[in-house]
Amino acid sequence: MSTIPFPDWIRQGLKANSYTIYADPTTYYAEPSRESGLQPYSGKSPSTVIQNAINALAATGGKILVKKGIYTLTATITVTISNLTIEFEQNAELRIPATGIPTTAVSAGSNQMICLIIRLGSNIQIIGGTFNYLGVANNSRGLYVGDGATNVSVYGANAINHGNFGFSVGSYTNGTTGRFSDVLFFDCTSSNCGNVAGVDGGGFKVDDAGNVLSSGPIFIIACSVKSTKVYGVDIGSTNTEAIHIIDNDLVSTSNFPNVFIEAFSNNFSIIEGNRISGGLYGINVLTPAGRILVNGNVVENAVRDGISVLNNGSVNGYGYVVSNNICRNNGQAGPGYAGITIGCLSGNSATLQDVICTSNICTDDQGSKTQSYGIQLINNSTAILDSIRVENNDVRGNITVGVNIVLTTGTNTNIRVQDNTNFNPQAPSAITVTASPFTYTNNDYYPENIVISGGTLSAVSLNRGATTSNSAAGDQIIYLIPGDSVIVTYTAAPTMEKFPL
């Protein structure tokens with residue numbers, strides 16, 4: 001665990017109301033500070049002793065210091081008060097034994113074995129601590145921040161061996177109590193979590209379970225997820241906004257997305273500066289999550305695409321920026337995958353619009369390459385793909401082509417693919433000239449030069465929207481952006497070729 005320089009305000013005002021938790025050797029003690037006048041507690045169950053100390057601070061708040069040692073729980077520890085700091089010394093561990101603990105009802109139809117739950121309180125700091133489970137069971141979690149909890153900071157904690165997620169933020173009672181907001185995880189570690197086959201799990205989970213109140217923001221910063229068997233970070237919330245996943249180290253060997261955002265109304269979110277290795281996808285954004293920035297990540301060795309932004313429903317998704325990422329050596333499952341894929345999946349009927357994909361490096365430097373394309377645009381549904389920009393990317397070194405465009409169905413409009421290093425969309429090719437006046441429209445999604453030569457021309461005009469520009473008849477080169485048309489009137493057909501730019 002890193003040594004973190006905590007600001008003075010965390011410790012101020014806590015001396016008079018504090019407990020120190022320790023064991024000697026099998027009896028557990030909660031010793032109050034002399035100034036507090038609080039009652040001491042002791043007993044054979046660390047859960048009871050720690051819970052009594054927390055409850056005793058309900059009126060004023062305060063601090064609990066947990067000395068180093070293993071505290072084998074007989075019940076989940078629950079925080080429902082405000083203005084509380086729980087600080088764990090190095091090598092202090094809350095442990096669920098292999099036989100489990102009496103289950104704690106968390107939501108309707110679900111019982112969970114959790115080391116520590118925070119709910120209904122505000123201004124809470126958790127500093128350090130290891131949250132461990134020696135068994136294998138569904139619904140085991142290390143630390144859970146539930147609904148009604150606000151201004152919660154977790155620094156330097158470690159969650160290991162849990163069946164579901166190491167750390168969770170979500171609706172504790174199916175949204176009946178209130179929103180959760182302003183939750184920070186900093187320098188935390190989750191390892192070997194999500195270890196129940198066929199069950200969601202992994203490092204971090206944010207899911208409001210249908211809370212009718214919009215919740216957030218949630219910050220996951222400078223954390224590490226290793227050896228997860230499912231997700232690194234799973235955002236499945238329906239009313240949570242502003243999820244910030246920044247500067248984390250997320251390594252997965254699972255067949256699930258490493259970072260997964262599948263949330264309705266999950267807006268104003270940032271995925272930035274992360275090192276993401278492995279997973280079914282490195283980053284998988286399924287619309288209609290919207291207004292998301294994916295910036296400056298290193299995404300490598302994913303089973304499929306490094307980054308995918310895909311419409312997967314009947315609700316419109318919009319407002320994405322995918323920029324400055326390095327996507328390398330993805331597509332480990334075999335051919336057909338890309339560093340970045342943007343588009344609409346089969347069976348969808350909604351719109352994916354306003355996506356900017358710029359300044360990314362998408363390459364494969366393995367001896368046996370696996371990443372087929374740098375960037376891929378797809379639409380194989382009845383959906384609308386509108387206002388997509390793929391510009392200024394470096395797409396060298398992939399198996400097949402730098403940019404693969406497969407817009408076979410649906411409506412595809414305002415697509416721009418240009419200025420991508422080492423990408424020539426296609427070789428120069430002839431245009432078949434039919435009866436005069438002949439119209440050629442650039443439907444190729446990238447700029448083109450149209451070379452007109454020979455024949456006997458009487459008029460040449462360029463159409464851009466409602467504007468028509470006429471030029472002198474004769475040999476010439478016409479520059480067309482996507483959507484432009486050139487109209488040629490002739491008595492003897494000229495030769496026409498297009499040169500993609």
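The values are calculated or read from the model by the stated rules, or taken from the named source; none is laboratory data. These figures come from a predicted structure and were not determined experimentally. Here the Cβ is made from the backbone with ideal geometry for all residues, glycine too, and neighbour counts use every protein chain on show. Areas reflect the complete protein model, heavy atoms only, side chains present, ligands, DNA and RNA absent. Shrake-Rupley method; radii C 1.70, N 1.55, O 1.52, S 1.80 Å.
Helix 46-56 and the longest principal axis of the Cα set of the chain meet at an angle near 90°.
Centroid-to-centroid, using Cα positions, the range 425-469 and the range 39-69 are 79 Å apart. Taken one residue at a time, the phi angles of the range 183-194 give Karplus couplings (6.51, -1.76, 1.60, θ = phi - 60°) of 10, 10, 10, 10, 6, 9, 10, 10, 9, 6, 9, x Hz. Gly and Pro are set to x.
The mean sequence separation of alpha-carbon pairs under 8 Å and at least six residues apart, normalised by the residue count of the chain, gives a relative contact order of 6 percent. Judged by the mean number of other Cβ atoms found within 10 Å, the most tightly packed of the peptides 354-365, 63-74, 249-260 leads the ranking 249-260, 354-365, 63-74.
If you take percent of Cα pairs over 43 Å apart from the coordinates, which of (i) 40; (ii) 49; (iii) 31 do you get? Comparing each candidate, only (iii) matches the computed number.
Over the chain, give the accessible area per residue in Å² for a 1.4 Å probe, as an integer. Numbers along the way, then the final one.
On the way: 19060 Å² over 501 residues.
With all protein chains present, the chain gives 38 Å² per residue.
May I ask you to give the percent of accessible area on the chain that is carbon plus sulfur, with a probe radius of 1.4 Å? Mind dumping the intermediate values first?
On the way: 9470 of 19060 Å².
Carbon-and-sulfur percentage of accessible area, whole number: 50.
Projecting the Cα atoms of Thr240, Asn316, Gly339 onto the dipole axis of the chain, where Lys and Arg carry +1 and Asp and Glu carry -1 at the beta carbon, places Thr240 farthest toward the positive end.
The calculated 222 nm mean residue ellipticity attributable to helices in the chain amounts to -500 deg cm²/dmol, summing -39500 (n - 2.57) over DSSP H runs of n ≥ 4 and dividing by all residues. The charge dipole of the range 417-501, taken about its Cα centre with unit charges on the Cβ of Lys, Arg, Asp and Glu (plus for the first two, minus for the last two), comes to roughly 160 debye.
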